[in-house]
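A.B. asks: This structure is in C-alpha coordinates; I'll ask about it shortly.
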Amino acid sequence: MEILKAILHIIDKDSGQLICSQAELDLRDFHVSQYMETVLKRLDKGEYKHGILSADNDIVPFVQEIETDFIKATQDISQKMFDVLAISEDAPSGDVLFLETKDDIEENHYLVVIKFNYKPQFTHHVTYVDDVMQNNIILNRTVFPAVTQKIDECFMINLADLSTKVIEKRYMFEGEKRYYFTERLLQLDPLPTVSEKLNIVKKAVKQVAKRYNEEEYVSMSQAQQAIFESIESDGIIDTQKVADVVFKDNISAKEEYQEMIGKTKFTEDIPENIVKYEKKYSKQKFKLANGIELSIPSDVFNDANMVEFINNPDGTISVMIKNIEEITSKF
(Lines give C-alpha, C1' and ligand atoms only; values in the text may rest on other atoms or scores of the structure.)
Protein backbone atom coordinates (compact mmCIF):
# COMPACT_ATOMS: atom_id res chain seq x y z
CA MET A 1 0.00 0.00 0.00
CA GLU A 2 1.30 3.45 -0.93
CA ILE A 3 0.52 6.60 1.06
CA LEU A 4 -0.39 9.49 -1.25
CA LYS A 5 -1.41 12.12 1.31
CA ALA A 6 -1.48 12.43 5.09
CA ILE A 7 -2.76 14.96 7.61
CA LEU A 8 -3.10 15.02 11.39
CA HIS A 9 -5.96 16.61 13.33
CA ILE A 10 -6.36 16.85 17.11
CA ILE A 11 -9.48 15.95 19.06
CA ASP A 12 -9.00 17.47 22.51
CA LYS A 13 -12.18 16.27 24.15
CA ASP A 14 -11.08 17.38 27.61
CA SER A 15 -10.89 21.05 26.60
CA GLY A 16 -13.74 20.77 24.10
CA GLN A 17 -11.56 21.71 21.15
CA LEU A 18 -11.06 20.34 17.66
CA ILE A 19 -7.74 21.55 16.29
CA CYS A 20 -7.57 20.94 12.56
CA SER A 21 -4.35 21.21 10.62
CA GLN A 22 -4.41 23.44 7.57
CA ALA A 23 -1.55 21.67 5.83
CA GLU A 24 -0.68 18.09 4.97
CA LEU A 25 2.17 16.19 6.58
CA ASP A 26 5.40 16.28 4.59
CA LEU A 27 5.88 12.66 3.55
CA ARG A 28 9.45 13.49 2.46
CA ASP A 29 10.43 14.29 6.04
CA PHE A 30 12.51 11.42 7.40
CA HIS A 31 10.74 11.10 10.75
CA VAL A 32 7.28 11.36 9.17
CA SER A 33 8.19 8.79 6.55
CA GLN A 34 9.63 6.48 9.19
CA TYR A 35 6.49 6.70 11.31
CA MET A 36 4.24 6.10 8.28
CA GLU A 37 6.11 2.87 7.57
CA THR A 38 5.25 1.60 11.06
CA VAL A 39 1.62 2.63 10.52
CA LEU A 40 1.35 0.57 7.32
CA LYS A 41 2.86 -2.47 9.03
CA ARG A 42 0.40 -2.20 11.88
CA LEU A 43 -2.52 -1.78 9.47
CA ASP A 44 -1.51 -5.02 7.72
CA LYS A 45 -1.67 -6.89 11.04
CA GLY A 46 -5.10 -5.55 11.99
CA GLU A 47 -8.19 -7.70 12.40
CA TYR A 48 -11.13 -5.98 10.77
CA LYS A 49 -14.89 -6.03 10.70
CA HIS A 50 -16.25 -5.63 7.16
CA GLY A 51 -19.23 -3.72 5.83
CA ILE A 52 -20.37 -1.31 3.14
CA LEU A 53 -21.04 2.33 3.94
CA SER A 54 -24.59 3.41 3.08
CA ALA A 55 -24.74 6.01 0.32
CA ASP A 56 -26.98 8.22 2.47
CA ASN A 57 -24.54 8.31 5.39
CA ASP A 58 -23.70 11.84 6.52
CA ILE A 59 -19.96 11.44 5.95
CA VAL A 60 -20.19 10.03 2.40
CA PRO A 61 -20.12 13.49 0.74
CA PHE A 62 -16.90 14.23 2.63
CA VAL A 63 -15.43 10.86 1.68
CA GLN A 64 -16.19 11.57 -1.97
CA GLU A 65 -14.20 14.82 -1.72
CA ILE A 66 -11.01 13.15 -0.50
CA GLU A 67 -9.38 13.03 -3.92
CA THR A 68 -10.34 16.59 -4.85
CA ASP A 69 -9.99 18.51 -1.57
CA PHE A 70 -8.17 16.30 0.89
CA ILE A 71 -7.63 18.88 3.62
CA LYS A 72 -11.21 20.18 3.76
CA ALA A 73 -12.71 16.69 3.55
CA THR A 74 -10.63 15.44 6.47
CA GLN A 75 -11.49 18.52 8.50
CA ASP A 76 -15.21 17.91 7.92
CA ILE A 77 -14.92 14.24 8.91
CA SER A 78 -12.96 15.26 12.01
CA GLN A 79 -15.79 17.58 12.98
CA LYS A 80 -18.27 14.69 12.69
CA MET A 81 -15.98 12.54 14.83
CA PHE A 82 -15.63 15.30 17.41
CA ASP A 83 -19.39 15.86 17.59
CA VAL A 84 -19.99 12.15 18.25
CA LEU A 85 -17.16 11.83 20.79
CA ALA A 86 -18.23 14.95 22.66
CA ILE A 87 -21.28 13.20 24.11
CA SER A 88 -19.37 10.12 25.29
CA GLU A 89 -18.73 9.83 28.99
CA ASP A 90 -15.39 8.04 28.72
CA ALA A 91 -13.99 8.28 25.18
CA PRO A 92 -10.41 9.61 25.34
CA SER A 93 -8.86 12.51 23.51
CA GLY A 94 -6.44 11.73 20.71
CA ASP A 95 -4.86 12.63 17.42
CA VAL A 96 -6.55 11.50 14.21
CA LEU A 97 -4.36 10.57 11.27
CA PHE A 98 -5.98 10.70 7.83
CA LEU A 99 -4.35 8.97 4.88
CA GLU A 100 -5.19 8.69 1.23
CA THR A 101 -3.65 5.45 0.05
CA LYS A 102 -3.43 3.33 -3.08
CA ASP A 103 -3.11 -0.45 -3.07
CA ASP A 104 -0.33 -2.08 -5.04
CA ILE A 105 -2.40 -4.50 -7.11
CA GLU A 106 -5.72 -3.01 -8.20
CA GLU A 107 -4.65 0.59 -7.53
CA ASN A 108 -7.86 1.33 -5.62
CA HIS A 109 -7.77 4.47 -3.52
CA TYR A 110 -8.70 4.37 0.17
CA LEU A 111 -9.40 6.77 2.96
CA VAL A 112 -7.69 5.51 6.10
CA VAL A 113 -8.63 7.11 9.43
CA ILE A 114 -6.66 6.15 12.54
CA LYS A 115 -7.36 7.50 16.02
CA PHE A 116 -4.32 7.47 18.29
CA ASN A 117 -5.54 7.68 21.86
CA TYR A 118 -3.12 9.46 24.15
CA LYS A 119 -0.99 7.42 26.55
CA PRO A 120 -0.02 9.42 29.67
CA GLN A 121 3.70 9.03 30.38
CA PHE A 122 6.20 10.63 32.70
CA THR A 123 9.05 12.67 31.25
CA HIS A 124 11.48 15.41 32.26
CA HIS A 125 10.83 19.14 32.05
CA VAL A 126 13.43 21.86 32.47
CA THR A 127 12.26 25.00 34.32
CA TYR A 128 13.86 28.01 35.98
CA VAL A 129 12.96 29.05 39.52
CA ASP A 130 14.51 32.38 40.60
CA ASP A 131 17.08 32.03 37.80
CA VAL A 132 18.00 28.54 39.02
CA MET A 133 17.60 25.73 36.52
CA GLN A 134 15.57 22.83 37.85
CA ASN A 135 14.89 19.46 36.17
CA ASN A 136 11.41 18.26 37.07
CA ILE A 137 9.39 15.11 36.43
CA ILE A 138 6.03 15.80 34.81
CA LEU A 139 3.16 13.75 33.41
CA ASN A 140 2.73 14.27 29.67
CA ARG A 141 -0.86 13.36 28.78
CA THR A 142 -0.57 13.67 24.99
CA VAL A 143 2.00 11.01 24.08
CA PHE A 144 1.47 8.84 20.99
CA PRO A 145 1.21 5.08 21.49
CA ALA A 146 4.45 3.16 20.92
CA VAL A 147 5.26 2.30 17.31
CA THR A 148 5.07 -1.40 18.20
CA GLN A 149 1.57 -1.15 19.67
CA LYS A 150 -1.30 -2.47 17.62
CA ILE A 151 -3.86 -0.04 16.23
CA ASP A 152 -6.96 0.12 18.45
CA GLU A 153 -9.22 2.36 16.38
CA CYS A 154 -9.24 2.65 12.62
CA PHE A 155 -11.46 2.52 9.58
CA MET A 156 -10.62 2.18 5.89
CA ILE A 157 -13.04 3.12 3.12
CA ASN A 158 -12.61 2.07 -0.50
CA LEU A 159 -13.35 5.30 -2.38
CA ALA A 160 -14.72 3.38 -5.38
CA ASP A 161 -17.41 1.23 -3.75
CA LEU A 162 -17.56 2.46 -0.11
CA SER A 163 -16.63 -0.98 1.23
CA THR A 164 -15.30 -0.43 4.73
CA LYS A 165 -13.01 -2.19 7.21
CA VAL A 166 -13.13 -1.27 10.89
CA ILE A 167 -11.11 -1.80 14.06
CA GLU A 168 -12.90 -0.25 17.02
CA LYS A 169 -13.50 0.01 20.74
CA ARG A 170 -16.65 0.54 22.77
CA TYR A 171 -17.25 3.67 24.82
CA MET A 172 -19.99 4.85 27.12
CA PHE A 173 -22.78 6.80 25.42
CA GLU A 174 -25.75 7.85 27.53
CA GLY A 175 -24.96 5.21 30.13
CA GLU A 176 -24.49 2.34 27.67
CA LYS A 177 -21.36 0.87 26.09
CA ARG A 178 -21.57 1.33 22.32
CA TYR A 179 -19.20 0.83 19.42
CA TYR A 180 -18.00 4.28 18.44
CA PHE A 181 -17.29 3.80 14.73
CA THR A 182 -19.87 1.29 13.50
CA GLU A 183 -22.80 2.33 15.68
CA ARG A 184 -22.28 6.05 16.18
CA LEU A 185 -20.25 7.42 13.27
CA LEU A 186 -20.44 5.09 10.26
CA GLN A 187 -23.77 3.46 11.14
CA LEU A 188 -22.63 0.11 9.81
CA ASP A 189 -23.94 -3.37 10.55
CA PRO A 190 -20.61 -5.12 9.92
CA LEU A 191 -19.71 -8.76 9.59
CA PRO A 192 -17.78 -10.14 12.57
CA THR A 193 -13.99 -10.36 12.68
CA VAL A 194 -12.32 -13.71 12.10
CA SER A 195 -11.73 -14.10 15.86
CA GLU A 196 -15.41 -13.38 16.50
CA LYS A 197 -16.36 -16.01 13.89
CA LEU A 198 -14.13 -18.56 15.55
CA ASN A 199 -15.69 -17.77 18.91
CA ILE A 200 -19.15 -18.32 17.38
CA VAL A 201 -18.08 -21.79 16.21
CA LYS A 202 -16.42 -22.68 19.51
CA LYS A 203 -19.45 -21.57 21.52
CA ALA A 204 -21.83 -23.60 19.34
CA VAL A 205 -19.64 -26.71 19.50
CA LYS A 206 -19.26 -26.41 23.27
CA GLN A 207 -22.98 -25.99 23.95
CA VAL A 208 -24.13 -28.78 21.64
CA ALA A 209 -21.42 -31.17 22.85
CA LYS A 210 -22.52 -30.55 26.43
CA ARG A 211 -26.15 -31.34 25.54
CA TYR A 212 -25.08 -34.69 24.11
CA ASN A 213 -22.66 -35.50 26.97
CA GLU A 214 -19.56 -35.36 24.80
CA GLU A 215 -16.16 -34.76 26.40
CA GLU A 216 -15.47 -31.06 25.99
CA TYR A 217 -11.74 -31.41 25.37
CA VAL A 218 -12.42 -34.02 22.65
CA SER A 219 -15.07 -31.93 20.88
CA MET A 220 -13.04 -28.74 21.04
CA SER A 221 -9.85 -30.38 19.79
CA GLN A 222 -11.76 -32.01 16.93
CA ALA A 223 -13.33 -28.67 16.06
CA GLN A 224 -9.92 -27.00 16.03
CA GLN A 225 -8.52 -29.71 13.78
CA ALA A 226 -11.43 -29.32 11.35
CA ILE A 227 -11.00 -25.54 11.33
CA PHE A 228 -7.26 -25.87 10.68
CA GLU A 229 -7.76 -28.29 7.79
CA SER A 230 -10.54 -26.11 6.35
CA ILE A 231 -8.42 -22.95 6.46
CA GLU A 232 -5.36 -24.73 5.11
CA SER A 233 -7.13 -26.35 2.16
CA ASP A 234 -9.86 -23.84 1.26
CA GLY A 235 -9.07 -20.58 3.07
CA ILE A 236 -12.44 -20.60 4.85
CA ILE A 237 -14.00 -21.75 8.13
CA ASP A 238 -16.18 -24.60 6.85
CA THR A 239 -18.93 -25.10 9.44
CA GLN A 240 -20.18 -28.27 7.77
CA LYS A 241 -16.73 -29.82 8.01
CA VAL A 242 -16.66 -28.94 11.71
CA ALA A 243 -20.07 -30.55 12.19
CA ASP A 244 -19.03 -33.73 10.35
CA VAL A 245 -15.78 -34.11 12.29
CA VAL A 246 -17.15 -33.30 15.76
CA PHE A 247 -20.64 -34.82 15.67
CA LYS A 248 -20.07 -37.50 13.02
CA ASP A 249 -23.34 -39.45 12.55
CA ASN A 250 -25.32 -37.55 15.17
CA ILE A 251 -27.74 -35.77 12.83
CA SER A 252 -29.64 -34.05 15.64
CA ALA A 253 -26.44 -32.56 17.07
CA LYS A 254 -25.37 -31.36 13.61
CA GLU A 255 -28.74 -29.69 13.06
CA GLU A 256 -28.65 -27.95 16.45
CA TYR A 257 -25.10 -26.78 15.81
CA GLN A 258 -25.92 -25.37 12.36
CA GLU A 259 -29.06 -23.74 13.73
CA MET A 260 -27.01 -21.90 16.35
CA ILE A 261 -24.52 -20.75 13.71
CA GLY A 262 -27.38 -19.63 11.45
CA LYS A 263 -28.71 -17.25 14.10
CA THR A 264 -25.48 -15.21 13.96
CA LYS A 265 -23.84 -13.10 11.24
CA PHE A 266 -21.25 -15.81 10.65
CA THR A 267 -19.65 -16.06 7.20
CA GLU A 268 -17.12 -18.69 6.22
CA ASP A 269 -14.61 -16.50 4.40
CA ILE A 270 -11.37 -15.20 5.92
CA PRO A 271 -10.74 -11.82 4.22
CA GLU A 272 -7.10 -11.40 5.25
CA ASN A 273 -4.19 -12.90 7.18
CA ILE A 274 -5.03 -16.52 6.40
CA VAL A 275 -1.46 -17.52 7.23
CA LYS A 276 -1.91 -16.07 10.72
CA TYR A 277 -4.84 -18.40 11.46
CA GLU A 278 -3.18 -21.39 9.84
CA LYS A 279 -0.28 -20.90 12.23
CA LYS A 280 -2.54 -20.26 15.23
CA TYR A 281 -4.54 -23.47 14.77
CA SER A 282 -1.71 -25.69 13.56
CA LYS A 283 -1.06 -26.83 17.15
CA GLN A 284 -3.42 -28.37 19.67
CA LYS A 285 -2.86 -26.96 23.16
CA PHE A 286 -4.07 -28.60 26.37
CA LYS A 287 -3.76 -27.71 30.04
CA LEU A 288 -4.10 -30.70 32.34
CA ALA A 289 -5.52 -30.62 35.86
CA ASN A 290 -2.09 -31.37 37.34
CA GLY A 291 -0.61 -28.24 35.72
CA ILE A 292 1.07 -29.94 32.76
CA GLU A 293 0.62 -28.11 29.46
CA LEU A 294 0.85 -29.79 26.07
CA SER A 295 1.37 -28.29 22.62
CA ILE A 296 0.90 -30.89 19.90
CA PRO A 297 1.28 -30.25 16.13
CA SER A 298 -1.92 -31.17 14.28
CA ASP A 299 -0.31 -33.86 12.13
CA VAL A 300 1.07 -35.54 15.27
CA PHE A 301 -2.23 -35.17 17.15
CA ASN A 302 -4.02 -37.26 14.52
CA ASP A 303 -1.45 -40.07 14.62
CA ALA A 304 -2.39 -42.72 17.20
CA ASN A 305 1.17 -44.06 16.97
CA MET A 306 2.42 -40.76 18.39
CA VAL A 307 -0.21 -39.53 20.88
CA GLU A 308 -3.08 -41.32 22.59
CA PHE A 309 -5.68 -40.12 25.08
CA ILE A 310 -6.85 -43.01 27.27
CA ASN A 311 -10.02 -42.98 29.37
CA ASN A 312 -9.28 -44.92 32.54
CA PRO A 313 -11.90 -47.04 34.44
CA ASP A 314 -11.69 -44.66 37.43
CA GLY A 315 -12.79 -41.69 35.30
CA THR A 316 -9.34 -40.14 34.90
CA ILE A 317 -7.60 -39.57 31.59
CA SER A 318 -4.07 -40.62 30.67
CA VAL A 319 -2.06 -39.05 27.86
CA MET A 320 0.44 -41.41 26.24
CA ILE A 321 3.20 -39.92 24.09
CA LYS A 322 4.83 -42.65 22.01
CA ASN A 323 7.88 -43.38 19.87
CA ILE A 324 9.96 -40.39 20.98
CA GLU A 325 13.47 -40.55 19.56
CA GLU A 326 14.88 -37.49 21.32
CA ILE A 327 13.89 -34.95 23.97
CA THR A 328 15.30 -31.41 24.00
CA SER A 329 14.95 -28.96 26.89
CA LYS A 330 13.61 -25.51 25.98
CA PHE A 331 15.31 -23.90 29.02
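A.B. asks: Among the candidates GLU216, GLU153, GLU183, single out the residue that is under 16 Å from the mean Cα position of the chain (by Cα) and among the charged types (D, E, K, R). Quick ask: steps written out before the conclusion?
C.D. replies: Values: GLU216 fails: under 16 Å from the mean Cα position of the chain (by Cα); GLU183 fails: under 16 Å from the mean Cα position of the chain (by Cα).
That would be GLU153, the only listed residue that is under 16 Å from the mean Cα position of the chain (by Cα) and among the charged types (D, E, K, R).
A.B. asks: If you go through segment 297-314 one residue at a time, how many are surrounded by 10 or more Cβ atoms within 10 Å (Cβ to Cβ) and either touching a residue at least 60 places away in the same chain (Cβ under 8 Å) or closer than 14 Å to VAL218 by Cα (or both)?
C.D. replies: The total comes to 7.
A.B. asks: Across segment 68-86, which residue is surrounded by the fewest Cβ atoms within 10 Å (Cβ to Cβ) among those that are hydroxyl-bearing (Ser, Thr, Tyr) and part of a helix (DSSP H, G or I)?
C.D. replies: Pass one, segment 68-86, residues hydroxyl-bearing (Ser, Thr, Tyr): 68, 74, 78.
Right, trim to part of a helix (DSSP H, G or I) and you get 74, 78.
Numbers: THR74: 28, SER78: 23.
Looking at the filtered set, the residue picked out is SER78.
A.B. asks: I'd like to know if segment 269-282 contains one or more residues that are acidic (Asp, Glu), touching a residue at least 60 places away in the same chain (Cβ under 8 Å) and not assigned by TED's automatic domain parsing to the domain that holds VAL166.
C.D. replies: Step one: list which residues in segment 269-282 are acidic (Asp, Glu), which gives 269, 272, 278.
Subset that is touching a residue at least 60 places away in the same chain (Cβ under 8 Å): 272.
Remaining after also requiring not assigned by TED's automatic domain parsing to the domain that holds VAL166: 272.
Checked against the condition, which is being acidic (Asp, Glu), touching a residue at least 60 places away in the same chain (Cβ under 8 Å) and not assigned by TED's automatic domain parsing to the domain that holds VAL166, segment 269-282 yields at least one hit.
A.B. asks: Something else: (1) exposed (fewer than 13 other Cβ atoms within 10 Å of the Cβ); (2) closer than 28 Å to PRO92 by Cβ; (3) at pLDDT 90 or above: which one isn't true of ASP161, the others all being true?
C.D. replies: With respect to (1) exposed (fewer than 13 other Cβ atoms within 10 Å of the Cβ); (2) closer than 28 Å to PRO92 by Cβ; (3) at pLDDT 90 or above, ASP161 is out only on (2).
A.B. asks: Find the residue count for segment 5-31, including only residues that are of a type in the set (A, V, I, L, M, F, W, C) and over 25 Å from the mean Cα position of the chain (by Cα). Break it down into steps so the answer makes sense when it comes.
C.D. replies: Here is the first cut: in segment 5-31, the ones of a type in the set (A, V, I, L, M, F, W, C) are 6-8, 10-11, 18-20, 23, 25, 27, 30.
When the remaining residues are screened for being over 25 Å from the mean Cα position of the chain (by Cα), the result is 18-20, 23, 25, 27, 30.
Looking only at that region, the number is 7.
A.B. asks: Further question: Search segment 129-146 for residues that are modelled with pLDDT of 65 or more and pair each with any residue that is assigned to a strand (DSSP E or B) and among the aliphatic types (A, V, I, L, M) when their beta-carbon atoms are under 9 Å apart and the residues are at least 6 apart or on different chains.
C.D. replies: Between residues of segment 129-146 that are modelled with pLDDT of 65 or more and residues that are assigned to a strand (DSSP E or B) and among the aliphatic types (A, V, I, L, M), the close pairs are MET133/VAL126; GLN134/VAL126; ASN135/VAL126; ASN136/VAL126.
A.B. asks: Pick from segment 268-306 the residues that are outside any helix (DSSP H, G or I) and touching a helix residue (DSSP H, G or I) at 6+ places or on another chain (Cβ under 6 Å): which of them is farthest from LYS330 (Cα to Cα)?
C.D. replies: Checked segment 268-306; the qualifying residue farthest from LYS330 (Cα to Cα) is ILE270.
A.B. asks: May I pose another question? Of these, ASP189, ASP238, which one is surrounded by 15 or more Cβ atoms within 10 Å (Cβ to Cβ) and touching a helix residue (DSSP H, G or I) at 6+ places or on another chain (Cβ under 9 Å)?
C.D. replies: Working: ASP189 fails: surrounded by 15 or more Cβ atoms within 10 Å (Cβ to Cβ).
Result: ASP238 is the single residue among ASP189, ASP238 that is surrounded by 15 or more Cβ atoms within 10 Å (Cβ to Cβ) and touching a helix residue (DSSP H, G or I) at 6+ places or on another chain (Cβ under 9 Å).
The values are calculated or read from the model by the stated rules, or taken from the named source; none is laboratory data. Computed from a predicted model, the values in this text were never measured in an experiment. Don't worry about glycine lacking a Cβ; one is built from the backbone with ideal geometry, like all the others, and counts go over all protein chains shown.
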